[in-house]
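Notes follow once the structure below has been shown.
The values are calculated or read from the model by the stated rules, or taken from the named source; none is laboratory data. The model shown is predicted, which means the values in this text are computed figures rather than measured ones. No Cβ is skipped: glycine too gets one built from the backbone with ideal geometry, and neighbour counts run over all protein chains shown. Remember, those area values only see protein heavy atoms, side chains included, never the ligands or the DNA or RNA. Shrake-Rupley method; radii C 1.70, N 1.55, O 1.52, S 1.80 Å.
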Amino acid sequence: MLRFLVRRLLGVAAILLVVSLITFYLFFAASGEDSVVRLSCGKNCTPEMRETVRHNLGLTKPLLEQYWIFISGIFAGRNIGEKTCNFPCLGYSFANNQNVSHTVADRFPTTVSLAIGAVVLFMTLGIGLGILAAMRRGKKTDKVATGFALLSGSAPIYVLGPLFIYLFVQQLGWMDRPQYHQFTDDPFQWASGLLLPWICLMTIHMAMYVRLTRSTMVDVLSEDYVRTLKAKGLSGRSVYIKHAFRGALSPIVTVLGVDIGVLMSGTIITESTFSLHGIGMLAVTSVTDSDLPMMMGVVVIAASFTMLANLVVDLLYAVIDPRVRLS
Amino acid sequence: MAASTDTTADQPTGKAETAKKAGAPARSDGSDAFLSVRDLRVHFSTDDGVVKAVDGLSFDVEKGRTLGIVGESGSGKSVSSLTILGLHNREKTKIEGEIRFDGRELITMPERKLRDLRGRRISMIFQDPLTALSPFYTVGEQIAESYRRHLGANRSDAHARAIEMLDRVGIPNPKTRVNDYPHHFSGGMRQRAMIAMSLVCDPDLLIADEPTTALDVTVQAQILDLLRDLQDEFGTAILFITHDLGVIAQMAHDVLVMYAGRSVEKGTVREVLKNPRHPYTWGLLSSMPNLSGDVDVPLRPVRGTPPSLLAPPPGCPFHPRCDYADVVGGERCRTEPPLLALSEGRGTACHLSAEDKQRIFIDDVRPLLG
Amino acid sequence: MTETISETPAPAPDPAPKSPGEPLLDVRGLVKYFPVKGGGLVRRKMLNVRAVDGIDLSVAAGESVGLVGESGCGKSTTGRLISRLLEPTGGTIHYDGNDITHATRKQIAPIRSQIQMIFQDPYSSLNPRQTVGTIVSSPMEVNGIDPEGGRKKRVQELLERVGLNPEHYNRFPHEFSGGQRQRIGIARALALQPRLIVADEPVSALDVSIQAQVVNLLQGLQRDMGIAFVFIAHDLAVVRHFSQRVAVMYLGKIVEIADRTSLYANPHHPYTHTLLAAVPETDPDKSGNRTRVHAFGDMPSPINPPSGCRFRTRCPKAQDVCANEEPPLIGIDTLLAGHRVACHFPGPLEATAKAEESMPEERIEAALEAGITTDPE
């Protein structure tokens, strides 16, 4: 177990290094120094500004050294130009005059809040409907649940988002325009402000869980041991929830791991549809602003969360299925 | 426990049947039966038509005795056992007949009431103990679950009971093993755990569906010994389903031979195996190689292949494969043979006259059996 | 394998054995280990499943040798090594005087056709998308053999020989019953006129009445065509019926080998006693009257087999020497020549049964415990 964890964490670190190296190369070297400077400097660029940009981005040094400065800066902090950037330093955005780490830390709660609520909602409803469909397979409930899942899963969020805003905010007036409030300030405002994007995310993600839960549970229900459980006289609830659902958990967790990775790296369309300033929006603005250090920071953060989510999934396998040995 | 001497004690041939397997009460022709199946028909509808998996089956299981149902694949033996507990797929199955257990009709019993019987008064063990146990819960939890469900015991009592049962079925270090998962166990140990689970509520009837088929012979012998010991101790009636006449010889007091969804012969184990009267039973016995006797006598298989249950042959389902259909006169075999008389313990569903059966068995069949 | 016999330099195989004394198949010290990953915090240990651990076996032309034992004893692996479906870890395999232990595909091509296999599962060993004709003729195609009268005629002869309707040439496997499918597998094995057939549990998946049909068919082939068999089965009665010589295997080793009459009438290894006693006989009187030697627990894991004699953990006769020294497979004065036993205390059944009576309870517990599989960690 410990061995597994150490090995996997080392693996995660190695992959992050590779990801960051590739990104770094693509951003700062592949297109040539000139284009980097031109991009970062903007339209009205004077030769002096060019020099400042070159100096600020550290382009004067060889590429590998630049990369080393970037990586060591994450752990030790560094000075960029006249700015001090403390641990964990992901760089400095000269375009916006912001410390990348601070910006990311600033935007992160929005993304996390979006993710938490969405996960809770789509897991509950998706798995619930999936179990219901599996229990009543072939019957009306099954058809309604799977049909609903198919419908909701095929609605794109840029249709759903504006539609919901139009319907619930503008027409019915049931709620305000989505807005982020800090959970610590007012939990109720936090929840009500994010309800609409949560519902949107739930609607599109849920379909997968309904279908996955249903199909794996139907598979498990045909296993020999389910017959044994029935022969023991267990009630339907015991058979379905305690045993059959347990058997269906592994694939659900796999998909959940991917989804959480995606949500934590920022839901670009959802955030922009509802004008929420999370990591996704940050990614979009940094691209449109040609803010290379910011983009670099967002990529590293997104990759880290995806990797971590996968690690957690692997650990969960062993918890769910005692036959899985972590090695 | 496992070292206990064979309970099929050294009884000389011909001694009263009841004495053979210790503790078995004498049979009393139905009155004592607490599982009685009458004219059971189980028909499945499939895309190709109706499969007559069981087609007019009757038998009794008496307290403390073992009824062995023997037949080849597709004979309907497993289907009948699942039907007793209502574990068949209800939507595509049509069931007719009676299944009476302790005075109550099971076929029409609502699922909720059946559930109270399952695992409590009638329990079941299956062929492959690896797939029949959940991989996600410990062996102890799976045993305790049954006990809690039916007897309302609390967790710690049920846990203690699980340990007690594991010990009873001969699993060493039950206090440690109770927390193991099925995949930690070998095949034989898993089947012991399965037996512990089935007996945890002290049921009246145990249905064992090919419980040793997936096991090696040495392990099979241990499991059979264990089941006999437990039957002596708890007086559980056993419905033992197998394809192996050898296992039947060791386990059963009474035997029912099934072919194509029908019962073709029944009687006590000695009657059926020492003095078989149905051509199919003869075929089964002469097909089997044995450990003694002349090795140069070729086996005499049953010719042909089992019939399709979608369109079974008319009359006696065995007649297309029967070597003695000519003795009867082929046409008569195409009519229904006499059903097994329900009131008697002994019977065959065959058109051959009693004299012919006797003569053919002595002249033709017995010399082949070592 | 597109290599044809005519293209290879090796001489065409001689239909008769080279000299009467030389066995058709001679296996010496055959070993097969399958590596598995083990635990270990720092470095991953490689463990071996010692599936076959040094066996000697010879098969004369036209002879049937039975390999019996419980699942996990290595009998199937032995069969696959002999037919060279697996690469041996150690030891030698000589076929008809040629060393084929590590022969490459090319080297083995000329004799490939002479060694054929029949498998247990007639459902999975036939390609469901091919017709029976294609299945049975494919060995001829692969080896570039064109029999007189054409392949189709030969296939139909073969189908007839194994008791199938030759007109069913164009049918697919799913249109046949289990027993018939096994006959198709046999016809395929016969297509190249083999001299040795390795039959791996050929009748275990079949119903009793069908099983006897297939045993009789194989017996007829052995007699009429002089084919030698390595017959692998867990059913001792079937092996007794089919094989002239029988080897009993336990945890990768042969523990007793003899002519069938000698082995079944006068077994001398305690494991053979256990096995024989465990076979349920159809005669309710006989099964009660037999002297019973009980088996305790299951076979231990072949990853970490017991030291010395591998059966000692379950053996009522075991003593200290059994843990320290591995008994060689040797002949015994009182037995017929060729009856060899690997036991420090060989003896008749009664002696083992007597030893069992005085077997202490702890030993039985230990035997039960030894069989519970645990992770190799």
Check: Where both partners of a DSSP beta bridge lie in chain B, what percent of those bridges are antiparallel, to the nearest 5?
Finding: 60
Next item on the list: Would you mind checking the tilt of helix A:187-221 against the longest principal axis of the Cα atoms of chain A, expressed as 0 to 90 degrees and rounded to 10?
Entry: 50
Notebook entry, point to check: To the nearest 100 Å², how much accessible surface do chains C and B cover up together, summed over both, with a 1.4 Å probe?
Noted result: 4900
Checklist line | Computed helical MRE - 222 nm, chain A, DSSP H runs ≥ 4 contributing -39500 (n - 2.57), nearest 500 | finding: -23000 deg cm²/dmol
Margin query: Taking each residue in B:172-185, count the Cβ atoms of any other chain within 10 Å of its Cβ, then average. What number comes out?
Written below: 3
Item checked: Residue of C:247, C:265, C:191 that the Gaussian network model of chain C assigns the largest fluctuation, springs spanning Cα pairs under 10 Å -> C:265
Note to self: What is the percent carbon and sulfur in the accessible area of segment C:253-371, measuring with a 1.4 Å probe over the protein chains and ignoring ligands?
What the structure shows: 52
Next item on the list: Quote to one decimal, in nm, the extra length available between residue A:30 and residue A:9 on full extension: 0.36 nm per residue of separation minus the C-alpha distance between them.
Entry: 4.6 nm
Check: Applying 1/(1 + (r/R0)^6) with R0 = 22 Å to the Cβ-Cβ distance of residue C:304 and residue A:326, what FRET efficiency is obtained, to the nearest 0.05?
Finding: 0.50
Next item on the list: Would you look at the GNM of chain B, springs on alpha carbons closer than 10 Å, and say which of B:91, B:105, B:164 moves the most?
Entry: B:91
Next item on the list: Quick one: net charge around residue B:309, please, counting Lys, Arg +1 and Asp, Glu -1 for every other residue with C-beta under 9 Å from its C-beta.
Entry: 0
Item checked: Antiparallel bridge percentage (DSSP; both residues within the protein assembly as shown; nearest 5) -> 65
Checklist line | In Hz, Karplus ³J(HN,Hα) per residue of segment B:116-122 (6.51, -1.76, 1.60; θ = phi - 60°; x = Gly, Pro) | finding: 5, 7, 4, x, 9, 9, 10
Notebook entry, point to check: If you average the sequence gap of Cα pairs under 8 Å that are 6 or more apart and divide by the length of segment B:275-368, what percent do you get for the contact order?
Noted result: 31
Check: Helix-derived [θ] at 222 nm for chain B: sum -39500 (n - 2.57) over DSSP H runs of at least 4, divide by residue count, nearest 500?
Finding: -9000 deg cm²/dmol
Notebook entry, point to check: Can you give the angle from 0 to 90° between the axis of helix C:361-371 and the longest principal axis of chain C, with both taken from C-alpha atoms, to the nearest 10?
Noted result: 30
Margin query: Under 10 Å, Cα contacts only: if you run a Gaussian network model on chain A, which one of A:179, A:171, A:98 comes out with the highest mean-square fluctuation?
Written below: A:171
Item checked: Accessible area in square angstrom per residue, the protein assembly as shown, 1.4 angstrom probe -> 42
Next item on the list: Could you work out how far helix C:208-225 tilts from the main Cα principal axis of chain C, as a 0 to 90 degree angle to the nearest 10?
Entry: 70
Item checked: When each of C:253/C:354; B:63/C:286; B:92/C:75 is checked by Cα-Cα distance, pairs over 32 Å -> B:92/C:75
Next item on the list: Among the trypsin sites (Lys or Arg not before Pro) in segment A:1-100, which ones are in a DSSP loop with at most 12 other Cβ atoms within 10 Å of the Cβ? Mind listing them?
Entry: A:43
Check: Around residue B:322, with a cut-off of 14 angstrom between Cβ atoms, what is the net charge of the other residues, counting Lys and Arg +1 and Asp and Glu -1?
Finding: +2
Next item on the list: Count, for each residue of B:61-69, the Cβ atoms from other chains sitting within 10 Å of its Cβ, then give me the mean as a whole number.
Entry: 0
Check: Taking a point 7 angstrom from the Cα of residue B:38 along the C-beta vector, which residues in segment B:95-129 have backbone N less than 15 Å away?
Finding: B:96-108
Note to self: Counting other C-beta atoms within 10 Å, and keeping those with at most 14, which DSSP coil trypsin sites (Lys or Arg not before Pro) do you find in segment B:69-110?
What the structure shows: B:90, B:92
Checklist line | Rg over Rh, two decimals, the protein assembly as shown (C-alpha only, Kirkwood Rh) | finding: 1.05
Notebook entry, point to check: Can you give the relative contact order of chain A as a percent, counting alpha carbon pairs under 8 Å and 6+ residues apart?
Noted result: 22
Next item on the list: Measure off 7 Å from each Cα along the Cα-to-Cβ vector at residue C:319 and residue A:18, then give the distance between these two points in nanometres to one decimal.
Entry: 6.2
Next item on the list: Describe numerically, in nm with one decimal, the distance between label points set 7 Å from Cα along Cα→Cβ at residue A:287 and at residue C:124.
Entry: 4.8
Next item on the list: Quick one: which residues, 5 or more positions from residue B:256 or on another chain, have an amide H under 5 Å from its amide H? H modelled 1.01 Å from N in the peptide plane, none for Pro or chain starts.
Entry: B:68, B:69, B:70
Notebook entry, point to check: Under a point spin-label approximation (7 Å from Cα along Cα-to-Cβ), what is the residue A:2-residue B:292 distance to one decimal in nm?
Noted result: 6.2
Note to self: Taking only Cα atoms of segment A:2-98, what ratio of Rg to Rh do you get with Rh as the Kirkwood inverse-distance radius?
What the structure shows: 1.06
Margin query: Explain nothing, just the number: relative contact order of segment A:2-98, from Cα pairs under 8 Å at least 6 residues apart, as a whole percent.
Written below: 16
Item checked: Backbone HN-Hα couplings from phi across segment A:58-66 [Karplus 6.51/-1.76/1.60, Hz, Gly and Pro as x] -> x, 6, 6, 8, x, 4, 4, 5, 4
Next item on the list: With a cut-off of 16 Å, note down the residues of segment B:32-57 whose backbone N falls inside the zone around a label point 7 Å from the Cα of residue B:91 toward its beta carbon.
Entry: B:44-47
Next item on the list: Rounded to the nearest 0.05, what FRET efficiency do residue A:176 and residue A:120 give with R0 = 22 Å and r taken as the Cβ-Cβ distance? Could you check?
Entry: 0.55
Check: Residue separation times 0.36 nm, minus the C-alpha to C-alpha distance between residue A:76 and residue A:38: what's the value?
Finding: 10.7 nm
